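What follows is a short report on a single structure.
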Amino acid sequence: MSKERRAKLLESIGDGIAIVPTAPHQRRNSDVLYPYRPDSDFYFLTHFPEPEAVAVLAPGADAGDYILFCRARDPAKEIWDGHRAGIEGAIEHYGADAAYPISDLDSVLPGLMANRERVYCTLGRYADFDARIVRWLNQTRRQIRTGINAPGEIIEISELIHEMRLFKQPDEIETIMHAARISAQAHRHAMQSCRPGMTEYQMQAEIEYCFAKHGCTTAYPSIVASGVNACILHYVDNSDELSDGDLLLIDAGAELDCYASDITRTFPVNGRFSACQRAVYEVVLEAQQRSIDTVRAGKRYDDVAQIAIDTIVDGLIDLGILKCGRHEALESGAYKTYYMHKIGHWLGMDVHDVGAYRNKSGGSRKLEPNMYMTIEPGIYLAPSDELDEKWHGIGIRIEDDVLVTENGARVSTSDVPKKIDEIEHLMAG
Ligand code: GLY
Ligand code: MN
Ligand code: MN
């Protein structure tokens, strides 16, 4: 599929040249590196998994349209760090028309830029690489007296690639659904293994064990937040003990072949919701279900968001948590004390995936088939003087991954229960 993506991009760049580097390998500490994760745009175009690589799309170049710079084979290094595709592998297995050692980048690139109108690049993403592009451009300019033309424009390539990435192709949908199924299984397993007295990090281990067992990594650091910790939206300490009577919010998603899934479930540590927990949970669940029911091609992102806001505002007023009328709560934004984030985000290679949320005139974008998104409303009742004590520390989010179709949302994460009686039944089993 990456071949079709490159073909589409080649068409868009016309008489320009596109230069897309992969991500640098990040150092964790001392001489220890993080596990390698390629740049999403680079991987989308190449499926090439190694660090130290640059894809060049140069329509009509003598060497070919698609040139891949990568690490050359090196038996001595491969003993330590593993197999490299090398120059031959880049051509044979990854479809490059030509390949060069990454160490040749500085000598080859100025020549490839010659007589092209524009340079498309990932401006602003990797500062060192941006500086090299400017150097190559200057080298090309210095050749002008020999009859060469240098590109006159540098254009940020992201919008071109990101619009492609926003609309998922069948293989991408398949991979996200697979990751989502594994995540759902992990969340079921977490519900079944949870007991008062365990710790948040033990629950994290239960979840991530399921990811790892199926060949997945985490798409983002798992949030395992019990009690009041759930009111910290990106709580990742995961260090507390689980108390009988508290809720546990787990926001964790598996990543498979660089595609993310993203699920949140909130359930009682002891397997039974209290009356107050139940009352708030029902509001969040209704908001989530109504948002999901609103998703379909032609609806706007803001339509999906507004239905959740309306439902949460009504629910908070009914519960006596918001002490004003609906109109005032909406006008003043008073509800944002308890629901302060967006309804969801695009989902894909990045958990908060790329793609514009607004159309060119600034309005909320219409949903279209094959967009993938999350639907994740929540209510967070952090202790405060304004709030009756009975609500203190209740934090609830429910998050599913949905594919937009002509007729509605196709939910990929429904294998893990979210209705109260289904959760209690699973936890009692
Ligand atoms: N896990 C991050 C999010 O739900 O957006
Ligand atoms: Mn999310
Ligand atoms: Mn999430």
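Below is a table of values for the structure above.
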| quantity | calculated |
| --- | --- |
| Qualifying residue in the stretch 6-27 (condition: under 17 Å from Pro101 (Cβ atoms) and aliphatic (A, V, I, L, M)) | yes |
| Test: residue in the stretch 354-377 that is of a type in the set (S, T, N, Q) and buried (at least 21 other Cβ atoms within 10 Å of the Cβ) | yes |
| Meets criteria (out of contact with any Lys or Arg (no Cβ under 8 Å at 6 or more places or on another chain), under 30 Å from Thr46 (Cβ atoms) and away from ligand 2 (no atom under 16 Å from the Cβ)) for Asp257 | yes |
| Flag if Lys360 is assigned to a loop (DSSP other than H, G, I, E, B), basic (Lys, Arg) and within 15 Å of ligand 2 (Cβ to nearest atom) | no |
| Scan of the stretch 40-96 for residues that are surrounded by 15 or more Cβ atoms within 10 Å (Cβ to Cβ), of a type in the set (Phe, Trp, Tyr) and not in a loop (DSSP other than H, G, I, E, B), ordered by number | Phe42, Tyr43, Phe44, Tyr66, Phe69 |
| Single match in Leu233, Leu285, Leu248 (criterion: of a type outside the set (S, T, N, Q) and assigned to a strand (DSSP E or B)) | Leu248 |
| Number of positions in the stretch 165-224 that are among the polar types (S, T, N, Q), more than 15 Å from the chain's Cα centre (by Cα) and not in a helix (DSSP H, G or I) | 2 |
| Single match in Ile148, Ile133, Ile154 (criterion: surrounded by 15 or more Cβ atoms within 10 Å (Cβ to Cβ), within 36 Å of the chain's Cα centre (by Cα) and either more than 22 Å from Leu9 (Cα to Cα) or without any contact (Cβ under 8 Å) to a residue 60 or more places away in the chain (or both)) | Ile154 |
| Residue tally, condition within 16 Å of ligand 2 (Cβ to nearest atom) and more than 30 Å from Tyr372 (Cβ to Cβ), over the stretch 316-357 | 0 |
| Scope the stretch 232-277; condition away from ligand 3 (no atom under 16 Å from the Cβ) and charged (D, E, K, R); matching residues | Asp237, Asp240, Glu241, Asp244, Asp246, Asp257, Arg272 |
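Read the figures in this text as sums done on the coordinates, not as results from a lab. Predicted model only: the values in this text are computed from it and were never measured. No Cβ is skipped: glycine too gets one built from the backbone with ideal geometry, and neighbour counts run over all protein chains shown.
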